[in-house]
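Encoded as structure tokens, the structure appears first; notes follow it.
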Amino acid sequence: MQPKPLGAFTATALLLAACGNASQPASPTGVGLSGSITVFAASSLTAAFTTIGTDFQKAHPGTMIHFAFAGSSTLVAQVQQGAIGDVFASADESNIQKLVNAGLTAGSPSIFARNKLQIVVQAGNPKHVTGLADLSRSGLVVVLCAPAVPCGRYAGQALQKANVIVTPASEEADVKSVVTKVVLGEADAGIVYVTDVKAAGAQVQGVDIPDPLNVIADYPIVVLKDSQNVALAKAFIGYIHANGPRTLARYGFLPP
Amino acid sequence: MASSRPRLRGLSAPPLFILLAGVGAAFFVLPLAGLLVRTPWGSAWQLLTSTEAITALRLSLLASLSATAIAIVFGVPLAWIFARLAFPGRNILRALTVLPMVLPPVVGGVALLAAFGRRGLLGGWLEQAVGIHLPFTTAGAILAETFVAMPFLVITVEAGLRGMDLRFEDAARTLGARRWTVLWRVTLPLVRPSLVAGAVLCWARALGEFGATITFAGNFPGRTQTMPLAVYLALETNPEAAIVLSLVLLAVSLVVLIGLHDRWLGAS
């Protein structure tokens with residue numbers, strides 16, 4: 001599939017990478033890539049990255065992409081405590097900035113996708129939630145992410161813009177837990193990412209938050225300093241930038 | 001009794017055995033030492049007396065003590081039935097009641113939602129007819145802790161009842177004591193060491209409960225955010241606070257376990 005000149009370009013790119021030029025973009029294709037990498041990724045990326053990982057492995061036989069999905073802040077804590085991995089993809093810039101500040105990254109993060117917020121309600125919207133203002137209604141059980149988690153901070157920003165004060169029933173540790181509470185019927189509404197509503201399928205539906213009130217989340221990705229397979233890590237990030245947007249869009253992400 | 005216990009015989013054990021025991025002990029001591037080394041002693045007091053820490057500590061004490069009380073009320077009769085009554089399905093029932101000991105607590109939380117959640121087997125009725133809503137409430141946190149911790153009380157008390165000399169009960173009964181009197185004046189005093197041990201184990205487990213609580217009761221400061229939940233969330237924003245909070249949990253548990261050991265062995 002790849003024309004020959006590209007292979008030569010790759011060789012040059014790899015050579016440049018080997019020379020320690022960290023700002024060089026990752027190789028667009030991975031001739032001679034092998035081994036495995038571990039990618040720490042925000043839990044909102046679970047479905048999209050799993051698909052992209054499978055595609056990448058198909059495109060580059062002999063490689064293995066392992067994923068560890070969790071809340072971005074949990075992952076940052078894990079890396080700070082010495083968890084070994086190669087690539088870090090966060091749901092916000094402040095968490096990845098903690099790693100950059102701590103000198104745990106190689107090169108600077110690049111934005112590969114964007115996401116925005118949506119109100120998640122049960123299928124059929126039995127409580128007739130039409131917007132953020134409805135979330136302050138008494139008797140409505142609302143669940144948010146904890147303020148420490150990106151989705152919690154974004155939800156707080158959106159509510160502030162809308163001038164709505166919400167007393168959540170619970171502040172969950174990650175975005176998937178918010179969706180779960182709505183899926184199980186324990187909560188009437190929650191504020192999550194558009195992509196989470198899409199991933200949850202038919203059991204829930206999303207209520208749009210108008211753009212002026214919404215918060216756009218930038219998703220940055222970076223190679224970790226302790227990576228044991230920098231070539232593969234860079235190739236994977238290159239692949240995400242080149243081929244990721246189409247797959248990511250299928251899961252509801254916006255292009256960077 | 002105490003004098004007949006074997007004492008100081010360890011030195012006759014093979015050196016390899018002692019070495020293995022040493023590695024085993026180090027496995028438990030090292031993580032603790034690691035925490036102690038990382039503790040920011042300078043700011044420890046300030047972190048401990050922060051509103052969040054005090055709120056979580058108070059809620060943890062309330063919830064774990066309530067869970068223990070509930071476990072005693074329902075767990076002692078259950079232990080008695082397992083120890084004294086032969087009925088079909090007893091082993092299955094016992095296995096079911098101690099299942100939370102091996103069940104991943106998060107699964108326990110999901111199971112509790114399936115029973116007591118709004119769409120649960122009993123939860124819908126509880127909310128409609130009685131007006132009790134358990135998820136996201138302190139009562140829910142207590143329920144989750146009871147679910148996970150009560151088995152520790154049940155098996156400890158059951159073991160005590162099984163090890164008891166039945167002749168005391170027989171003697172009381174031949175002397176005309178009624179069943180409640182036998183239970184209150186003979187049986188329960190005789191199994192008191194097991195009861196105390198079981199209650200303390202149950203309390204310690206309830207104090208450390210995390211998975212079932214966050215799944216069933218959610219996480220909200222002052223309402224369902226117990227110490228372990230506060231530690232988990234603080235780990236992401238303020239690791240130093242998380243370590244100090246963990247130390248409090250560790251210190252409390254350690255004091256209890258040391259005290260329990262002496263009491264348990266000393267009273268038998």
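Taking A:F236 as meeting all but one of (1) crowded, with 23+ Cβ neighbours inside 10 Å; (2) closer than 30 Å to A:L159 by Cβ, write down the number of the exception. Here A:F236 clears every test but (2). From the list B:T187, B:T237, B:T226, B:T215, the one residue that fits, being polar (S, T, N, Q), more than 9 Å from chain A (Cβ to nearest Cβ), over 30 Å from B:D165 (Cβ atoms) and out of contact with any Pro (no Cβ under 6 Å at 6 or more places or on another chain), is B:T226. In the range A:239-249, the condition of being small (G, A, S), more than 14 Å from the chain's Cα centre (by Cα) and not in a strand (DSSP E or B) is met by at least one residue. Could you tell me whether any residue of the range B:82-95 is without any contact (Cβ under 8 Å) to a residue 60 or more places away in the chain, at positive phi and of a type in the set (G, A, S)? Among the residues of the range B:82-95, at least one is without any contact (Cβ under 8 Å) to a residue 60 or more places away in the chain, at positive phi and of a type in the set (G, A, S), which makes the answer yes. Taking the range B:121-186 as the region of interest, the helices (runs of 4 or more DSSP H) fully inside it that hold 1 or more residues being within 25 Å of B:R223 (Cβ to Cβ) are B:138-163.
Could you please let me know if A:V79 is within 14 Å of chain B (Cβ to nearest Cβ), crowded, with 17+ Cβ neighbours inside 10 Å and more than 24 Å from A:Q157 (Cβ to Cβ)?
In short, yes.
Within the range B:87-126, being crowded, with 17+ Cβ neighbours inside 10 Å, farther than 20 Å from B:S66 by Cα and of a type outside the set (A, V, I, L, M) holds for B:R94, B:G117, B:R118, B:G120, B:G123. Could you look through the range A:29-76, keep only residues that are hydroxyl-bearing (S, T, Y), farther than 21 Å from A:A249 by Cα and touching a strand residue (DSSP E or B) at 6+ places or on another chain (Cβ under 9 Å), and pick out the one that is farthest from the other protein chains (Cβ to nearest Cβ)? This residue is A:S34.
Of the strands (runs of 3 or more DSSP E) lying entirely inside the range A:146-230, those carrying at least 2 residues that are buried (at least 18 other Cβ atoms within 10 Å of the Cβ) and within 14 Å of chain B (Cβ to nearest Cβ) are A:170-172, A:189-193.
Going through (1) in the same structural domain as A:T54 (by TED's automatic domain parsing); (2) in contact with a His (Cβ under 9 Å, 6 or more places away or on another chain) one by one, A:P256 falls short only on (1). Checked against the criterion of being away from every other protein chain (no Cβ under 14 Å), over 14 Å from A:A146 (Cβ atoms), surrounded by fewer than 21 Cβ atoms within 10 Å (Cβ to Cβ) and touching a helix residue (DSSP H, G or I) at 6+ places or on another chain (Cβ under 6 Å), the range B:240-250 contains one or more residues that satisfy it.
Every condition in (1) more than 14 Å from chain A (Cβ to nearest Cβ); (2) under 23 Å from B:R94 (Cβ atoms); (3) at pLDDT 95 or above is met by B:A144 except one, and the failing one is (1).
Being in contact with a Phe, Trp or Tyr (Cβ under 7 Å, 6 or more places away or on another chain) and among the hydrophobic types (A, V, I, L, M, F, W, C) is the filter; apply it to the range A:228-247 and report the residue that is nearest to A:L104 (Cα to Cα). The extreme case among them is A:F236.
Within the range A:140-166, residues that are free of Cβ contacts under 8 Å to residues at least 24 places away in the same chain and not assigned by TED's automatic domain parsing to the domain that holds A:A91 have Cβ atoms under 8 Å from residues that are buried (at least 20 other Cβ atoms within 10 Å of the Cβ) and assigned to a loop (DSSP other than H, G, I, E, B) in these pairs: A:G152/A:A146, counting only partners at least 6 apart in sequence or on another chain. Checking each residue of the range A:90-97 against the condition of being crowded, with 20+ Cβ neighbours inside 10 Å, in a strand (DSSP E or B) and within 14 Å of chain B (Cβ to nearest Cβ) gives no match.
The values are calculated or read from the model by the stated rules, or taken from the named source; none is laboratory data. This is a predicted model, so every value here is computed, not measured. Cβ sites come from the backbone with ideal geometry, for glycine too, and all protein chains shown count toward neighbours.
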